[in-house]
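The values are calculated or read from the model by the stated rules, or taken from the named source; none is laboratory data. The structure presented is a predicted model; accordingly, all values stated were derived computationally and were not measured. In this analysis, Cβ positions are derived from the backbone assuming ideal geometry, glycine residues included, and neighbour counts consider all displayed protein chains. Quick note on the areas: whole protein, heavy atoms, side chains included, nothing else; ligands and nucleic acids left out. Shrake-Rupley method; radii C 1.70, N 1.55, O 1.52, S 1.80 Å.
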Amino acid sequence: MNSIFQGKSFLAEKDFSQAELLHLIDFALHLKELKQKNIPHQYLAGKNIALLFEKTSTRTRAAFTVAANDLGAHPEFLGAQDIQLGKKESVADTAQVLGSMFDGIEFRGFSQQVVADLAKYSGVPVWNGLTDLWHPTQMIADFMTVKENFGSLADITFTYVGDGRNNMANSLLVTGAILGVHMRIVSPQSLQPAKEVVELAQGFAKDSGAQLLITDDIQTGVKGANVLYTDVWVSMGEEDKFAERIEALQPYQINSEMVAATGNQGGNLIVLHCLPAFHDTQTEYGQKIFNEFGLTEMEITDEVFNSPFAKQFEQAENRMHSIKAIMAATLGNLFIPKV
Ligand code: CP
Ligand code: NVA
């Protein structure tokens, strides 16, 4: 009997049940242990994996590459400048060609429709490595990191502060709602999640018992938080919006006052960030922002980024283990009849 995941694409969290997401989190924890103990796990021996990137990436690209290699598969990077997709060839035609040669396809880009069409026309599992709407592979790593730190996802209050209508906020709200984690999105009203995303999350929360809160009130939103999470104020493709976002989001920066306002201490509080993060001026963008706006840090201060609460590098490593779990479960002919 095949796994219930076999042949399935991983396009958005909403397509998976609580039990399925929990299974992927636990499978990722298991694969992490196998890797640490040097126990081989070549569930995808001989398979070929296409890695399509319209947008840049460090973690997602590295994670898919290493995970594919560890699973015995061959990854092939196909960047936006390297292939015909969108310029000379339609998504449907590209998907049919890639699907006839590769066993699985990762796609990172702008449009959710493109990743959905790749899945529709390729006939092989497609994994969403981030679109403007969702970042689902990141979710398995993020809630895996929460589970590693707290031992369980029960009774966790998870506060995301910052741009509340980007891919990360959307994915966290919906995934937390499915998993029964109490999710809060703390953002100015102009940057709160779209009505459809909130309604989707509310539907899942009814079943899971998750309490959801969307607010612009920082004190209310962060009080009692076990997880404080943020993301960049300007996502890929929105680089003309720095001035307006800095103006709107400065009060929503994760800094030591915000950490204190949770009322929680070490052991009861972690800080996460999907990365990359603007916490100093040691990047081109960081320098530009300093020159134009006089800021040395944006969504998270360097102090908190380097504090014992901060688990973002553990979280980044977990991208690899969780992407490995997603690829193995959907392509590895594993025996997972029911979760
Ligand atoms: N978090 C994340 O997706 O990082 P990259 O953009 O480096 O892949
Ligand atoms: N919201 C960010 C996430 C990066 C991992 C972006 O889309 O650029």
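Within the stretch 71-89, identify whether any single residue is more than 16 Å from ligand 1 (Cβ to nearest atom), among the acidic types (Asp, Glu) and assigned to a helix (DSSP H, G or I), and answer yes or no. No. Take Ser171 and decide whether it is open to solvent by less than 10 Å² (accessible area, probe 1.4 Å) and either away from ligand 1 (no atom under 14 Å from the Cβ) or not in a loop (DSSP other than H, G, I, E, B) (or both). So Ser171 fits the description; yes. Asn167 meets the conditions (1) in contact with a Ser or Thr (Cβ under 9 Å, 6 or more places away or on another chain); (2) free of Cβ contacts under 8 Å to residues at least 60 places away in the same chain; (3) within 11 Å of ligand 2 (Cβ to nearest atom); (4) not charged (D, E, K, R) in every case but one. The failed one is (2).
Being over 24 Å from Glu13 (Cβ atoms) and more than 16 Å from ligand 2 (Cβ to nearest atom) holds for only one residue in Asp240, Asp216, and it is Asp216.
Applying a threshold of 7 Å to beta carbon distances and a minimum spacing of six or more residues, or different chains, the list of pairs starting in the stretch 313-339 at a residue that is part of a helix (DSSP H, G or I) and ending at one that is open to solvent by 20 Å² or more (accessible area, probe 1.4 Å) and polar (S, T, N, Q) reads Thr330/Gln6. Remark: pairs (first residue in the stretch 188-202, modelled with pLDDT of 95 or more; second residue surrounded by fewer than 16 Cβ atoms within 10 Å (Cβ to Cβ) and in a helix (DSSP H, G or I); Cβ separation under 9 Å; 6+ apart in sequence or on different chains) = Pro188/Pro251; Ser190/Glu244.
Just one of the numbered conditions (1) within 16 Å of ligand 1 (Cβ to nearest atom); (2) over 17 Å from Val271 (Cβ atoms) is not true of Glu244: (1). With respect to the stated conditions, His23 fails to be in contact (Cβ under 8 Å) with a residue 40 or more places away in the chain, outside any helix (DSSP H, G or I) and either open to solvent by 10 Å² or more (accessible area, probe 1.4 Å) or more than 16 Å from ligand 1 (Cβ to nearest atom) (or both). Scanning the stretch 187-206 for residues that are within 16 Å of ligand 2 (Cβ to nearest atom) and either open to solvent by less than 30 Å² (accessible area, probe 1.4 Å) or farther than 23 Å from Arg245 by Cβ (or both) yields Ser187, Leu191, Pro193, Val197. Checked against the criterion of being within 16 Å of ligand 2 (Cβ to nearest atom), under 30 Å from Gly104 (Cβ atoms), β-branched (Val, Ile, Thr) and open to solvent by less than 60 Å² (accessible area, probe 1.4 Å), the candidates Ile323, Ile300, Ile289 yield just one match: Ile323.
The requirement of being without any contact (Cβ under 8 Å) to a residue 12 or more places away in the chain and surrounded by fewer than 20 Cβ atoms within 10 Å (Cβ to Cβ) is not satisfied by Gly209. Taking first residues from the stretch 222-251 that are open to solvent by less than 20 Å² (accessible area, probe 1.4 Å) and small (Gly, Ala, Ser) and partners that are away from ligand 1 (no atom under 14 Å from the Cβ) and assigned to a strand (DSSP E or B), the Cβ contacts under 6 Å between residues at least 6 apart in sequence or on separate chains come to Ala225/Thr157; Ala225/Thr159. When every residue of the stretch 117-136 is checked against the conditions, at least one turns out to be charged (D, E, K, R), within 14 Å of ligand 1 (Cβ to nearest atom), in contact with a Phe, Trp or Tyr (Cβ under 7 Å, 6 or more places away or on another chain) and closer than 30 Å to His182 by Cβ.
For the stretch 50-77, residues that are more than 19 Å from Ala28 (Cα to Cα) and open to solvent by less than 30 Å² (accessible area, probe 1.4 Å) total 5.
The set of residues in the stretch 26-53 that are among the β-branched types (Val, Ile, Thr) and in contact with a His (Cβ under 9 Å, 6 or more places away or on another chain) contains only Ile49.
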